[in-house]
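These notes concern the structure reproduced below.
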Amino acid sequence: MSRTVLVTGASSGIGRATAAALAGRGYQVLGTSRDPRSLPAEHRVANVEYLALDLASPESIDALGDRLTGVDILVNNAGESQSGPFEELPADALHRLFQVNVLGPVRLAQLALPGMRERGYGRVVMVGSMLASFPLAYRSSYVATKAALKGFSNGARHEFSPFGVWLTTVEPGSINTGISERRTKYIAADSPHRHDFETMLAALDRNERAGVSPERVAATIVKAIEAARPKPRYAVGSNAPLVFALRRVLPATLIERFVHRKHNLAR
C-alpha cells in the first residue's frame, strides 16, 4: 500500500535526504520549501512534489490543511538554528524561533493527525536534537525549542497509539549539513560573553563538519517510520549509543563538564 509522506524543509540537508530516501522506497512524497518556484534544480528530488510552506507564518501553515488531511506520515524537519548568550537574546527572535521550531510543527501535526486517526495508521516524526538531552552554553533558545518539540511528541504518542498512530522524535547529534552557515546569532558588540561564545561556535562548526551525513539521519527516520511500534526516541550521530548510556550512569555534573569540554569551554 502506497503511503503519502510530507517532509518539511525538503530542499536541503536532512529533509532533502529523507525525501530522497522515501521516494526511493516508493512513498508518495510531498516536500516543503519556502518558495518552491525559485528552488534550483539541483536542490529538487526526483518524484517529490514541492509545496510552499513558511513556518513563521500561521497562514502559510493553515493553507496546507487540505493536503495534510491525506498525509499518512509527517516528518517535521524544518527549523532554525539559533545561538546567543541567554541574557542578550532579543524577544522578537525568541518568538520567531518558537513559532518556527515548535508552534509551526505542532500545528502541522494537529492538521494531519485527525486523518491518520480515522484511517487507523499514521506516523509523526519530530526531528529534534541531541542538545535537548545534552544542553550547551549559548544554545539555550535552540535547546528549549527542541526539548519542547520532544515533550509534545512524548505526551501525544500516548493519546494516539491506541489508534495505530505513533509520534516519535529523532535526535541528531553533529550532522554535516552546512547548517552552520545559516545559523542565526545574537550577541552585543560589548558582550562579556564574546570570547566563550566565539569559542563555542568554532567548536560547534568543527564538530558539525566532522559529523555524520544527512543520509545517515534519513536512514534513522525511515527506520522510525517503518517500525511496527516506533520508539519514543531515536538518536543518531555524536556516538549516540555510548553517550546516552553514560548519561544514565554518570552524575549530571560530570556530563555537563564533558559537553563543555567537547566545545572547548572550561567549566
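Only one of the listed residues (Ser33, Ser60) is among the small types (Gly, Ala, Ser), within 13 Å of Ala78 (Cβ to Cβ) and open to solvent by 20 Å² or more (accessible area, probe 1.4 Å). That residue is Ser60. The condition (being over 16 Å from the mean Cα position of the chain (by Cα), open to solvent by 50 Å² or more (accessible area, probe 1.4 Å) and in contact (Cβ under 8 Å) with a residue 40 or more places away in the chain) is satisfied by just one residue among Ala202, Ala188: Ala202. Taking the listed residues Glu80, Glu49, the one that is buried (at least 18 other Cβ atoms within 10 Å of the Cβ), touching a Leu at 6+ places or on another chain (Cβ under 6 Å) and either of a type outside the set (Val, Ile, Thr) or touching a residue at least 24 places away in the same chain (Cβ under 8 Å) (or both) is Glu80, with no other qualifying. Sub-8 Å Cβ pairs linking a first residue in region 23-40 that is over 21 Å from Leu55 (Cβ atoms) and small (Gly, Ala, Ser) to a second residue that is assigned to a loop (DSSP other than H, G, I, E, B) and open to solvent by 70 Å² or more (accessible area, probe 1.4 Å), at least 6 apart or interchain, are Ala23/Ala46; Ala23/Asn47, ordered by first then second residue. Among all residues of region 237-248, there is none that is out of contact with any Leu (no Cβ under 9 Å at 6 or more places or on another chain), aliphatic (A, V, I, L, M), assigned to a strand (DSSP E or B) and in contact (Cβ under 8 Å) with a residue 24 or more places away in the chain.
Touching a Lys or Arg at 6+ places or on another chain (Cβ under 9 Å), surrounded by fewer than 23 Cβ atoms within 10 Å (Cβ to Cβ) and assigned to a helix (DSSP H, G or I) - does that describe any residue in region 93-106? Checked region 93-106: at least one residue is touching a Lys or Arg at 6+ places or on another chain (Cβ under 9 Å), surrounded by fewer than 23 Cβ atoms within 10 Å (Cβ to Cβ) and assigned to a helix (DSSP H, G or I). Residues that are in contact with a helix residue (DSSP H, G or I) (Cβ under 9 Å, 6 or more places away or on another chain), of a type outside the set (Asp, Glu) and surrounded by fewer than 17 Cβ atoms within 10 Å (Cβ to Cβ) within region 205-215 comprise Arg209, Ser213, listed in sequence order.
Listed here are the residues, each with its yes/no results for (1) open to solvent by less than 90 Å² (accessible area, probe 1.4 Å); (2) touching a helix residue (DSSP H, G or I) at 6+ places or on another chain (Cβ under 7 Å); (3) modelled with pLDDT under 95.
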{"residue": "Ala224", "(1), (2), (3)": "yes, no, no"}
{"residue": "Pro230", "(1), (2), (3)": "yes, yes, no"}
{"residue": "Ala240", "(1), (2), (3)": "yes, yes, yes"}
{"residue": "Ile255", "(1), (2), (3)": "yes, yes, yes"}
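Evaluated against (1) open to solvent by less than 60 Å² (accessible area, probe 1.4 Å); (2) under 30 Å from His193 (Cβ atoms), Asp72 falls short on exactly one condition, (2).
Residues that are without any contact (Cβ under 8 Å) to a residue 40 or more places away in the chain, under 15 Å from Val143 (Cα atoms) and out of contact with any Ser or Thr (no Cβ under 8 Å at 6 or more places or on another chain) do not occur anywhere in region 111-125. If you filter region 1-30 down to residues that are open to solvent by 10 Å² or more (accessible area, probe 1.4 Å) and among the polar types (S, T, N, Q), you find that the one that is farthest from Ala78 (Cα to Cα) is Ser2.
Here Val75 qualifies as part of a strand (DSSP E or B), closer than 15 Å to Val125 by Cβ and in contact (Cβ under 8 Å) with a residue 60 or more places away in the chain. Taking the condition of being out of contact with any Gly (no Cβ under 8 Å at 6 or more places or on another chain), of a type outside the set (D, E, K, R) and closer than 18 Å to Val259 by Cα, how many residues in region 194-239 meet it? Number of matching residues: 9. Screening Asn176, Asn101 for residues that are out of contact with any Pro (no Cβ under 7 Å at 6 or more places or on another chain) and either over 24 Å from Thr32 (Cα atoms) or modelled with pLDDT under 95 (or both) leaves exactly one candidate, Asn176. Scanning region 139-173 for residues that are open to solvent by 20 Å² or more (accessible area, probe 1.4 Å) and part of a loop (DSSP other than H, G, I, E, B) gives Gly164, Gly173.
The values are calculated or read from the model by the stated rules, or taken from the named source; none is laboratory data. Values in this document were obtained by computation on a predicted structure and should not be read as measured data. We place every Cβ from the backbone using ideal geometry, glycine too, and count neighbours over all the protein chains shown. All accessible areas refer to the heavy atoms of the entire protein, side chains included, with ligands and DNA or RNA removed. Shrake-Rupley method; radii C 1.70, N 1.55, O 1.52, S 1.80 Å.
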